[in-house]
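The values are calculated or read from the model by the stated rules, or taken from the named source; none is laboratory data. Quantities reported herein were computed from a predicted structural model and do not represent experimental measurements. Note that each Cβ is placed from the backbone with ideal geometry, even for glycine, and that neighbours are counted across all protein chains shown.
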Amino acid sequence: MTTYESRTIPLSIDRDWHEAYDFASIPENFPRWAAGLGRRFEKSGGEWTAEDPDGRPIRIRFARPNQFGVIDHIVFAGGRESSNAMRVVPNGTGAEVMFTLLRTPDMAKEAFAADAAAVERDLKALKAFLEG
């Protein structure tokens, strides 16, 4: 078995967790807050196509809507697949959003840090949108 270095990035949002999940889990809303994932989202069968921040084509498969706050998604890019774990859970009367990054052996520490910074920016954008 192999495990990878991981980093979970949490952020509290002053909005009911159901409302936060309902907004954040809709792929059409990702371009409004998740610039680190991509832009120009289009539904294509059971997946989505988009462009990554560098303009390269990607495919994304999102978890189905659920009652548990799961927004996991798999990104297919450049012949590689990356699994992304994301959750929205209750935190008092608000929400806690958590995103877990995994550092695969072929990922440089600098790239891992840059991905973590992009996730933090995206979660802050989500917070600003939902609390605005």
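Values for this structure:
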| item | result |
| --- | --- |
| Residue in segment 45-55 that is in contact with an Asp or Glu (Cβ under 6 Å, 6 or more places away or on another chain), modelled with pLDDT under 95 and hydrophobic (A, V, I, L, M, F, W, C) present | no |
| Number of positions in segment 98-132 that are basic (Lys, Arg) and closer than 27 Å to Thr2 by Cβ | 2 |
| The lone exception for Asn84 - which of (1) surrounded by fewer than 16 Cβ atoms within 10 Å (Cβ to Cβ); (2) within 17 Å of Trp33 (Cβ to Cβ); (3) in contact with a Leu (Cβ under 8 Å, 6 or more places away or on another chain) it fails | (1) |
| Criterion violated by Phe41 - all others in (1) modelled with pLDDT under 90; (2) of a type in the set (Phe, Trp, Tyr); (3) part of a loop (DSSP other than H, G, I, E, B) satisfied | (3) |
| Among the candidates Arg7, Arg56, Arg32, Arg15, residue that is touching a Gly at 6+ places or on another chain (Cβ under 9 Å), of a type in the set (Lys, Arg) and either within 22 Å of Glu131 (Cα to Cα) or in contact (Cβ under 8 Å) with a residue 60 or more places away in the chain (or both) | Arg15 |
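This table checks each residue for (1) surrounded by fewer than 13 Cβ atoms within 10 Å (Cβ to Cβ); (2) modelled with pLDDT of 95 or more; (3) at positive phi.
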site	(1), (2), (3)
Gly36	no, no, no
Arg80	yes, no, no
Glu96	no, yes, no
Arg103	no, no, no
Asp106	yes, no, no
Ala128	yes, yes, no
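Yes/no per residue for (1) more than 24 Å from Val89 (Cβ to Cβ); (2) of a type in the set (A, V, I, L, M):
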residue: Thr3; (1), (2): no, no
residue: Pro10; (1), (2): no, no
residue: Trp17; (1), (2): no, no
residue: Tyr21; (1), (2): no, no
residue: Ile26; (1), (2): no, yes
residue: Gly46; (1), (2): yes, no
residue: Ala50; (1), (2): yes, yes
residue: Arg61; (1), (2): no, no
